[in-house]
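Here the structure comes first, spelled out in structure tokens, and everything after it is commentary.
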Amino acid sequence: MAGQVWHTNALGGYMWSANLSRKLRTALQPMVRFRQFCDAREAFGLGKGETFNWNVYSDLADDGAERDLDETQVMPESNFSISQNSLTVTEYGVSVPFTKKLDDLSEHPVTEIIHKVLKNDARKALDGAAYAQFNSAITRVQGSDATSIVVTENGTPAGISVEFAKEHAKLIADEMAERDIPTFDGNNYMAIARPSTLRGFKDDLEAIHQYTSEGWHVIMNGEKGRYEGIRYCEQTNVAAKGYTNTDQIFFFGSDTVVEAIAIPEEIRGKIPSDYGRSRGIAWYALLGYGLVHPTDTTQQRILVWDSTS
């Protein structure tokens, strides 16, 4: 039986050891970062491997045309196009089996510990699935030098990026505004990066007192502050890329990634077998993620600060 057992210290016996505190000592895990920015859609009734579709609506065909009317002029007419994108619903989950003997003899709450461990695993797994869709965005931004950027639309940055700095933050904020990307909360864009990727940027802003905090009420998980109309969040769920000078930063507005939920993540108990001696707990989910605008360069919502090495 692969799982938690009483007769092996590393797999359960240490839950009795008198040398350990009885206080729970589960590792602290970060909350989700990317997933909190997905657009949740109901997909109840779909099964594994089935397709979830959503509509994408264009602007009016003559968007930007003059709208002034003469007194006797007939009201002009226009139209818009509708296209569909799709994603595949996928099963996610993992289990931790354990023996009845371990549960009976342990001085630690075995099921409670397993619940915590599984919840942490679910957060990281589903956040990683959401990240994969964010990272599939085709618009990449490279910092060619300390004061300029290069934008590409093929999913690959133009070259090796320099360290991210406040000058790049301003240029990216302008780029997103010029592209008419809808803001995330009605006023601001969002950005997600690893803490070390933003270190030089934060140091620069603190030195000139321009880094504006959201105050004591942190609205988004991992949110650290706001600059030039962009709210910055830090994440450690996704490992660093190991680039020379920097790491990825995801800048985005609204309408980014769809999360289709057939069965939301949940904790499930195994039906005991072997006359009740073999038990287990699992987390399970049936859902899927998809980029809302995967290929249309005029509708990109995500700009990825990136580097080739």
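The values are calculated or read from the model by the stated rules, or taken from the named source; none is laboratory data. Just so it is clear, the structure is predicted and the values come from calculations on it, not from any experiment. Neighbour counts run over all protein chains shown; Cβ positions are idealised from the backbone, glycine included.
Annotations for the structure displayed:
- Look at region 256-285: where a residue is of a type in the set (S, T, N, Q) and a partner is part of a strand (DSSP E or B), sitting 6+ places away or on another chain with Cβ atoms under 6 Å, you get THR256/ILE302.
- Of all residues in region 243-270 being within 22 Å of TRP54 (Cα to Cα) and in contact with a Pro (Cβ under 9 Å, 6 or more places away or on another chain), the one that is surrounded by the most Cβ atoms within 10 Å (Cβ to Cβ): GLY253
- Here ALA173 does not fit the description of being out of contact with any Leu (no Cβ under 6 Å at 6 or more places or on another chain), farther than 27 Å from TYR243 by Cα, at pLDDT 95 or above and outside any loop (DSSP other than H, G, I, E, B).
- Entry remark, region 64-109: residues being free of Cβ contacts under 8 Å to residues at least 40 places away in the same chain, within 18 Å of GLY269 (Cβ to Cβ) and in contact with a Ser or Thr (Cβ under 7 Å, 6 or more places away or on another chain) number 0 in total.
- Candidates are the residues of region 271-309 that are of a type in the set (D, E, K, R) and touching a Pro at 6+ places or on another chain (Cβ under 7 Å); the one that is surrounded by the fewest Cβ atoms within 10 Å (Cβ to Cβ) is ARG279.
- When region 39-54 is limited to residues that are modelled with pLDDT of 90 or more and part of a loop (DSSP other than H, G, I, E, B), the one that is surrounded by the most Cβ atoms within 10 Å (Cβ to Cβ) turns out to be ALA43.
- Residue in region 75-95 that is within 24 Å of PRO182 (Cα to Cα), more than 25 Å from the chain's Cα centre (by Cα) and among the aromatic types (Phe, Trp, Tyr) present: yes
- Top-ranked residue of region 80-139 - restricted to ones that are part of a strand (DSSP E or B) and aliphatic (A, V, I, L, M), ranked as farthest from ALA260 (Cα to Cα): VAL96
- If you go through region 132-190 and pick out every residue that is among the acidic types (Asp, Glu) and surrounded by 14 or more Cβ atoms within 10 Å (Cβ to Cβ), you end up with 3.
- Search result, residues across region 87-99 that are within 17 Å of GLY49 (Cβ to Cβ) and either modelled with pLDDT under 90 or out of contact with any Gly (no Cβ under 7 Å at 6 or more places or on another chain) (or both): GLU91, TYR92, GLY93
- Of all residues in region 55-73, those being touching a strand residue (DSSP E or B) at 6+ places or on another chain (Cβ under 7 Å) and part of a loop (DSSP other than H, G, I, E, B) number 0.
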